[in-house]
Structure formats: C-alpha cells, structure tokens
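See structure below.
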Amino acid sequence: MRGDTLKIKVFQMNDVTVGPHVHLEADHLQIKDHFDSQCAEIARLTIRLLPPHQHAVETNTIMDVIPISTKVLGALGSGITHTLTGVSVVLTGAIENGEQMHEFGSSDGVLRDHLMLNRPGTPAEEDYIILIDLLAKEGTPFNRETCLKLFAIADEYIQEIREQLKLLNGNQALETHVFEEKENPGKPKVALVKQVAGQGAMYDMLLFPNEPSGFKGGVSIIDINNMPVFLSANEYRDGAIRSMV
C-alpha cells in the first residue's frame, strides 16, 4: 500500500558479549556461541564474536553481511521497525574438502583483507561482528539448494535476537527515523530502476522476507523468472530486498 509511514527505531549496541543464552538490552547484546542446526548436510557450525578493530582472523569465503532488524508493527515498508547498530552478522561458508561457497571469486583468507569496512551495508571499524561459519559435509554439492540451506541456518540464529529486539521499549531508542511517502499531484513521477542478481547458487536475490533483510518467507527473483517487481521507497528502505551475492 502506497503512502505509508515507516518508523525505524535505532538501538546502538555499545557492548556485545558471549554468554549461555541470547539477552538484549537497549545498549547491550549478549549472544550465544552455540546453535543446534537440524541440517543433515552441516558438519560444523562455528560462531565467533569479533570485537571492534579485531579483523586479523582467517575465515572461509564471505557469503553475506547481514544487519539485525525486525518488524514490530506492520508489514515491510510501513509501521515500526527496530534495528541494531554497532553490530552485524558476517556469514562465511565452505565444504569440508575446502571448496568455498562462492560464485565468481572466493574471499577466504584474512578477513580484514577481504571485508571493505565503513561502507553502506558493511560493518564500521568500531562495530562488533558476529561471525557465523558453516562447514558443509564433504560430498555435499555446491549448488543453489546447499547455499539456501546455509542462509536459512544463519537466519534461524539471528531470529532469536530479533525476537528480543521486538520487545525493546521504543522510547529507549537512540534515534528514530520517520519516512513518509507523500503524493505530489502534478509533479513528475520518478522511478529508480535497480537490476538485481538472479542466476543461482551465490548469485541470488530474495524479495519480501518476513523480516527486514531476512530470509524466511522470501521469494527468490529466480523463482519468479527475473520478472520486474514494483517496490515503494519505504519497502526498499525497510529491507524488502535481500541480496545473497
């Protein structure tokens, strides 16, 4: 529905720690370093917390950088969204035989050599990074199905944080950004055309996941034959497109 108002409430994480369970406050996040995946193809799941400026670590190829946001009220593009700053998730992956989960070039190696910081969509130098590494069993094929399973596992882990993020008092947010879509009769109509990836494996794009920049509930651009999709500005702002490249 066009003309909707979107409020994004920002909670800055000044401290992120590791503990036995997930716990979230207005300025502090505790994550757990374990997660029970039910995926039969996974040999090992490793979760590490990287403090700010600590990027001299060896990783498998970077599959995605994922912000932590959740819908509190309304659908994507409207209502209220809570989002965390100061922390993000980096998903990496490979197969036990060493094959990296990449499509057109691997980024395995020292993280600081491959992760461009301080850019839109990437962590800042001062941010905490939740590094989720998934190692598929040897013999698992590198294909689109395997990649999607890895994305789904990471999404399940992040959802535990999102569920607590929904419960934070909005009055404790550090910032609130209000985006109102207005109609201007008689003025030129402007559209932004964005061509997105849609080939397969690690060259895929999801639309309209259940959560902002999430995975579950999303529809792949491949599965709709790369047909054009109309999005409002607020849907775009609210994470209706999930790039998996």
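Between the residues 105, 208, 139, the greatest Cα displacement towards the positive end of the dipole of the chain, with unit charges on the Cβ of Lys, Arg, Asp and Glu, is found for 208. From most to least packed by mean Cβ count within 10 Å, the peptides 231-241, 53-63 give 231-241, 53-63.
Taking all C-alpha pairs of region 100-209, those more than 17 Å from each other amount to 75 percent. List the trypsin sites (Lys or Arg not before Pro) within region 167-227 that DSSP assigns to loop and that have no more than 11 neighbouring Cβ atoms inside 10 Å. When the trypsin sites (Lys or Arg not before Pro) of region 167-227 are filtered for loop state and at most 11 Cβ neighbours within 10 Å, 182, 189, 194 remain. One decimal place: the segment residue 167-residue 243 gains 24.7 nm when fully extended, by the rule 0.36 nm per residue minus the C-alpha distance. Here, the chain is characterised by an Rg to Rh ratio of 0.97, where Rg is the alpha-carbon radius of gyration and Rh the Kirkwood radius.
When Lys and Arg each count +1 and Asp and Glu each count -1, what net charge do the other residues less than 10 Å away from residue 11, Cβ to Cβ, add up to? With Lys, Arg at +1 and Asp, Glu at -1, the neighbours total -2. Under the shape rule built on the C-alpha gyration tensor, where the axes satisfy a ≥ b ≥ c, region 2-138 is prolate, since a/c reaches at least 1.5 and a/b is greater than b/c.
Would you kindly state how much longer the chain becomes between residue 233 and residue 36 on full extension, computed as 0.36 nm times their sequence separation minus their alpha carbon distance, in nm to one decimal? Could the numbers behind the result be given before it?
On the way: separation 197, 0.36 × 197 = 70.92 nm, distance 3.72 nm.
Taking 0.36 nm per residue and subtracting the Cα distance, the gain is 67.2 nm.
With Rh defined as the Kirkwood radius, the inverse of the mean 1/r over Cα pairs, the Rg/Rh of region 123-176 is 1.14. Extension gain, residue 21 to residue 53: 0.36 nm times the residue separation minus the Cα-Cα distance gives 9.0 nm. For region 65-146, state which chymotrypsin sites (Phe, Trp or Tyr not before Pro) are in a DSSP loop and have at most 10 other beta carbons lying within 10 Å of their beta carbon. Answer by residue number: 104. Among 164, 21, 60, whose Cα projects farthest towards the positive end of the dipole of region 18-164, with charges put on the beta-carbon of Lys, Arg (+1) and Asp, Glu (-1)? Positive-most Cα among the choices belongs to 164. Where only DSSP H runs of four or more residues are counted, the chain gives -4000 deg cm²/dmol as its mean residue ellipticity at 222 nm, each run worth -39500 (n - 2.57). Globularity index of region 175-222 is 1.64 (Cα radius of gyration / 2.2 N^0.38 Å, N = number of residues).
Per residue, the chain exposes 51 Å² of accessible surface when a 1.4 Å probe is rolled over the protein heavy atoms with every protein chain present. Normalising by residue count, region 77-149 has a Cα convex hull of 142 Å³ per residue. Ignoring lysines fewer than eight residues from residue 7 along the same chain, the ones with Cα atoms less than 18 angstrom from its Cα are 71, 166, 182.
The values are calculated or read from the model by the stated rules, or taken from the named source; none is laboratory data. Small disclaimer: the values here were computed from a predicted structure and weren't measured. Using ideal geometry, Cβ is built from the backbone for each residue, glycine included, and neighbour counts are taken over all protein chains shown. Keep in mind that these areas ignore ligands, DNA and RNA; they rest on the heavy atoms of the full protein, side chains included. Shrake-Rupley method; radii C 1.70, N 1.55, O 1.52, S 1.80 Å.
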